[in-house]
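S.K.: My questions will all concern the structure given below.
The values are calculated or read from the model by the stated rules, or taken from the named source; none is laboratory data. As the structure is a prediction and not an experimental result, all values here were calculated from the model. Positions of Cβ are generated from backbone atoms using ideal geometry, with glycine treated the same way; all protein chains shown enter the neighbour counts.
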Amino acid sequence: MDQLTLREIEEAARSRLPVAVREFIDGGSDRERTLAGNLSQYGRWGFRPRVLVDVSAPDLTVDLLGSRLAAPIGVAPMAYHQLVDPAGETATVRAAGQHGLLTVAAMFAGRTIEEIAVEATGPLWLQLYWLRGREVLTGLVERAERAGYQALVLTVDAPRIGRRLRDLRNGFALPPQVRAVNLDPELMVATGRSAAGSSAIAEHARQQFDTTLTWTDVAWLRERTSLPLVLKGILTAEDARLAVEHGAAAVVVSNHGGRQLDGAVPTLTALPEVVAAVPADFPVLLDGGIRSGTDAATALALGARTVLVGRPVLWGLAVGGEAGAARVLGLLQDELEHTLALLGRPRPGDLDRSALADLGA
Ligand SMILES: Cc1cc2nc3c(=O)[nH]c(=O)nc-3n(C[C@H](O)[C@H](O)[C@H](O)COP(=O)(O)O)c2cc1C
Ligand SMILES: CCCCCCC(=O)C(=O)O
């Protein structure tokens, strides 16, 4: 692969994917304001480089919930990697492992929890949605514990699926070979083509997601697992404080890549208030709109402990399978290292708000 930026890999992926799949991946909800905001907010910040600092040996490693990451970068949980590559999530986890980076595998994976774990050579967490019927959830938790996952990530911003107009227009449905293999097939019956005006994803969520979920349930889950519990989809100081009170080990500042509540605040904008609301040693991760090492450095300077990357990993997978996903993650890692060296802050821990200048909206 000769692409030099994630943007070029995005372009290359564009021509390789059927329109409905591409739009499922790239799209957001409603007017896609949040999707756009996630990307544009990085432009608000400039860097304040320090000079005459020894940057001969930058060190990107970070410790996160008991695991050592080669860099503060991970793969965000995304459903159905087999939409873009037959190997699916096993290719992705191998790619992340090549670079010593975190993978958050999705509950709606096309490969089993165990198949993914066997291929993992980097840190591995499992993302969960709360489905109707607690035994489904506790069954997955037990499997994750047995398979060696190091944390659970409960996604809390999706009591229902956002109104994704592109999917509705395309009548988006999963091809028959792509299935949520970790769930009972009876739960996921509607895999045929959807009529225009509906989406199989939204329909499954309507049938299966438990919309009664509250903080009490988080505490219930917390008591039933020995693994650290991470809450994904936190955007306010109020909820960040509640996450700490209810025993979360970390939060992910996320608006689901602009796919849920349209108009929700961009993640980079929400990050400072979340960081300020939690204890200093409480890990805050961020996802949404990370497309370069400079984006990652900006989020780290605003207090993110690690950033997660979504769509670019699927673009890489679409272009070159495992090697393509590894190329995306390697580019990000190299760009971040380069940025830290030129910033005169050779370790992630050297980054703070003083590395940034606010250029205004
Ligand atoms: C195709 C696709 C599928 C996704 N599936 C899930 C999922 O199953 N669970 C989840 O918590 N988030 C899911 N997300 C959201 C991502 O975890 C993440 O929040 C988002 O993609 C980050 O934004 P970015 O794509 O701009 O990096 C998905 C995102 C995409 C693009
Ligand atoms: C019932 C299937 C839900 C898959 C959800 C995938 C997802 O979160 C996304 O953003 O798309």
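S.K.: Considering only residues that are aliphatic (A, V, I, L, M) and under 14 Å from the mean Cα position of the chain (by Cα), look in segment 72-88 and name the one that is farthest from ligand 2 (Cβ to nearest atom).
M.R.: In this case the residue turns out to be ILE73.
S.K.: Moving to a separate point now. So GLY148 clears everything in (1) away from ligand 1 (no atom under 14 Å from the Cβ); (2) buried (at least 20 other Cβ atoms within 10 Å of the Cβ) except one condition, right? Which one?
M.R.: Answer for GLY148: the failing condition is (2).
S.K.: Residue by residue through segment 91-121, note down the ones that are more than 15 Å from ligand 1 (Cβ to nearest atom) and of a type outside the set (A, V, I, L, M).
M.R.: ARG94, GLY97, GLN98, HIS99, GLY100, THR112, GLU114, GLU115, GLU119, THR121 - these are the residues of segment 91-121 that are more than 15 Å from ligand 1 (Cβ to nearest atom) and of a type outside the set (A, V, I, L, M).
S.K.: Every residue in segment 4-41 that is buried (at least 20 other Cβ atoms within 10 Å of the Cβ) and either hydroxyl-bearing (Ser, Thr, Tyr) or not in a helix (DSSP H, G or I) (or both), please.
M.R.: Result: GLY27, GLY28, SER29, THR34.
S.K.: Out of the residues in segment 297-308 meeting the condition of being within 14 Å of ligand 1 (Cβ to nearest atom) and in contact with a Pro (Cβ under 7 Å, 6 or more places away or on another chain), tell me which one is farthest from ALA36 (Cα to Cα).
M.R.: Among those that are within 14 Å of ligand 1 (Cβ to nearest atom) and in contact with a Pro (Cβ under 7 Å, 6 or more places away or on another chain), it is THR306.
S.K.: May I pose another question? Name, by its number, the condition in (1) surrounded by fewer than 18 Cβ atoms within 10 Å (Cβ to Cβ); (2) part of a loop (DSSP other than H, G, I, E, B) that does not hold for HIS338.
M.R.: Failed condition: (2).
S.K.: Take GLY321 and decide whether it is surrounded by fewer than 24 Cβ atoms within 10 Å (Cβ to Cβ) and within 14 Å of ligand 1 (Cβ to nearest atom).
M.R.: Answer is no for this residue.
S.K.: Any chance you could count how many residues in segment 268-298 are buried (at least 19 other Cβ atoms within 10 Å of the Cβ) and out of contact with any helix residue (DSSP H, G or I) (no Cβ under 6 Å at 6 or more places or on another chain)?
M.R.: Within segment 268-298, residues that are buried (at least 19 other Cβ atoms within 10 Å of the Cβ) and out of contact with any helix residue (DSSP H, G or I) (no Cβ under 6 Å at 6 or more places or on another chain) number 6.
S.K.: Now for a separate question. Among LEU183, LEU137, LEU131, which is the only one that is closer than 15 Å to TYR80 by Cβ, modelled with pLDDT under 95 and within 15 Å of ligand 1 (Cβ to nearest atom)?
M.R.: LEU183
S.K.: Starting from residues that are assigned to a loop (DSSP other than H, G, I, E, B) and free of Cβ contacts under 8 Å to residues at least 40 places away in the same chain, keep the ones in segment 89-120 and report whichever is farthest from ligand 2 (Cβ to nearest atom).
M.R.: GLY100
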